[in-house]
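> I have a structure here, written as structure tokens, and I will follow up with some questions on it.
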Amino acid sequence: MTLTLYCSLTSPYARRVRVMARVLGAADDIHEAVVNPFDSPEALLAHNPLSKIPVLVGPDELVLPDSSLILGYLLARQGRAMPAAAGDWERARRLTIAEGVVDACAAIVLEGRRPTGQRSQAHVDRQRGVIARGMAAVAAEPPEQSPADADPYAITVAVLLGYLDFRLPTVDWRSSAPSLVGWYADAAALPAMQATRPPEG
């Protein structure tokens, strides 16, 4: 079965899916269609009127316009489930916190792309507070598994830390979250993480 993943090579949301597909051995079933959602390309809008990525499109009118939905679908194909679907509310809570930190990082990056006179420092400061508190929570409960285990929390944390290094290098997470340093070094070296590293520049 061939699936199409509309994605960006720099999006942390798309990277979660791209890493999961690789560790599950499903990458060969997925064609990655790289698009810029800010250009609102017709091919993307045909499947997601929100013009957001990632979007997974498959046969039988399957359209999943959200990274968490896609992760759940990929896991379900192998008889597994996202934490909430499995009734594991503790793991679901941890995952939600990590996802929220990714959201805060993305919000800062997007704010920085607005014209200088339209940027809100108050908004940026609020998101930086979210990152600081969220990272403290993640560091207090570091992943017990590796992204190679296809664990959504581990994959999300690994992608989050990689995104901080990529887009927000001034956030010194290694000093504030030393419990994650060694874990991330191992995670970042995994083939699935190496294969999905965002391009420089």
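> Figure the gain on full extension for Ser175 and Ala188 (residue separation times 0.36 nm, minus the Cα-Cα span) and round it to one decimal in nm.
Difference between extended and current length: 2.9 nm.
> Additional query: Using only the alpha-carbon atoms of the chain, report the extent along each of the three principal axes, biggest first, to the nearest angstrom.
Computed over the Cα atoms, the extents are 46, 42, 32 Å.
> May I ask you to derive the FRET efficiency for Arg133 and Arg197 from their Cβ-Cβ distance with R0 = 22 Å, giving the value to the nearest 0.05? Don't skip to the answer; put the middle values down first.
Numbers: r = 27 Å, r/R0 = 1.25.
Calculated transfer efficiency: 0.20.
> While we're looking at this one, here's another question. With an 8 Å cut-off on Cα pairs and a minimum separation of 6 or more residues, tell me the relative contact order of the range 45-197 in percent. Could you put the intermediate results ahead of the total?
Working: 126 pairs, mean separation 25.9, N = 153.
About 17 percent, as a whole number.
> To continue, here is another question. Figure the gain on full extension for Ala85 and Glu141 (residue separation times 0.36 nm, minus the Cα-Cα span) and round it to one decimal in nm. Mind showing how you got there, number by number?
Details: separation 56, 0.36 × 56 = 20.16 nm, distance 2.08 nm.
Gain on extension, Ala85 to Glu141, equals 18.1 nm.
> About the Cα centre, and with charges only on the beta carbon of Lys, Arg (+1) and Asp, Glu (-1), how big is the dipole of the range 30-111? Nearest 20 debye, please.
In debye, rounded to 20, the range 30-111 gives about 380.
> Now, a different point. Relative contact order of the range 50-101, please, whole-number percent, based on alpha carbon pairs below 8 angstrom and at least 6 residues apart.
Worked out over the range 50-101, it gives 18 percent.
> Another question, if that's okay. From Cα pairs below 8 angstrom and at least 6 apart in sequence, can you work out the relative contact order of the range 1-126, rounded to a whole percent?
Details: 132 pairs, mean separation 26.9, N = 126.
Relative contact order here is 21 percent.
> Then there is this: Rounded to whole Hz and in sequence order, give me ³J(HN,Hα) for the range 83-97 from the Karplus expression 6.51 cos²θ - 1.76 cosθ + 1.60, θ = phi - 60°, writing x for Gly and Pro.
So the J values, rounded to whole Hz, are x, 5, 5, 8, x, 8, 6, 5, 5, 5, 4, 4, 4, 5, 4.
> In nm, to one decimal, how far is the Leu50 label point from the Arg93 one, both placed 7 Å along Cα→Cβ?
Distance between label points: 2.5 nm.
> Further, regarding this structure: How much accessible area does Trp183 have with a 1.4 Å probe, in Å² rounded to the nearest 10?
It works out to around 50 Å².
> Put +1 on the Cβ of each Lys and Arg and -1 on the Cβ of each Asp and Glu in the chain; which of Pro169, Val157, Pro65 then has its Cα farthest toward the positive end of the dipole?
The Cα lying farthest towards the positive end belongs to Pro169.
> Hey, with R₀ at 45 Å, roughly what FRET efficiency would Gln121 and Ala26 work out to, going by the Cβ-Cβ distance, to 0.05?
0.60
> Based on alpha-carbon positions alone, could you give the equivalent ellipsoid semi-axes of the range 1-61 from the gyration tensor, as √(5λ), descending, whole Å?
Working: eigenvalues 73, 40, 12 Å².
That gives 19, 14, 8 Å for the three semi-axes.
> Which cross-chain or sequence-distant (5 or more) residues have an amide H under 5 Å from the amide H of Glu32, H modelled 1.01 Å from N in plane?
Result for Glu32 returns Leu5.
> Please give the length that would be gained between Thr10 and Val34 if that part of the chain were fully extended, namely 0.36 nm times their separation in residues minus their C-alpha to C-alpha distance (nm, one decimal).
Working: separation 24, 0.36 × 24 = 8.64 nm, distance 1.01 nm.
Working it through step by step, the gained length comes to 7.6 nm.
> Given the whole protein assembly as supplied and a 1.4 Å probe, what does the accessible area of Asp88 come to in Å², nearest 10?
For Asp88, solvent-accessible area is about 50 Å².
> Still on this structure, please answer the following. Can you sort Phe166, Phe38 by solvent-accessible area, 1.4 Å probe, largest first?
So, going from the largest accessible area down, we get Phe38, Phe166.
> Ok, one more. Please report the antiparallel percentage of DSSP beta bridges with both residues in the chain, rounded to the nearest 5.
Among the beta bridges of the chain, antiparallel pairing accounts for roughly 50 percent.
> What size of dipole, in debye to the nearest 20, comes out for the range 8-74 about its Cα centre when the only charges are +1 on Lys and Arg C-beta atoms and -1 on Asp and Glu C-beta atoms?
With Lys and Arg at +1 and Asp and Glu at -1, about 360 debye.
> If you don't mind, there's one more thing I want to ask. Run through the range 77-182 and list the trypsin sites (Lys or Arg not before Pro) located in a DSSP loop whose Cβ has at most 13 other Cβ atoms within 10 Å.
Those that pass, being in a loop and sparsely packed, are Arg77, Arg113, Arg119.
> In nanometres, what is the gap between the two model label sites at Val109 and Ala43, each 7 Å from Cα along Cα-to-Cβ?
2.1 nm
The values are calculated or read from the model by the stated rules, or taken from the named source; none is laboratory data. Model, not experiment: these values are computed from the prediction. When we count neighbours, we look across all protein chains shown, and the Cβ atoms used for this are built from the backbone with ideal geometry, even at glycine. Just the protein is used for accessible areas: all its heavy atoms, side chains included, with ligands, DNA and RNA removed. Shrake-Rupley method; radii C 1.70, N 1.55, O 1.52, S 1.80 Å.
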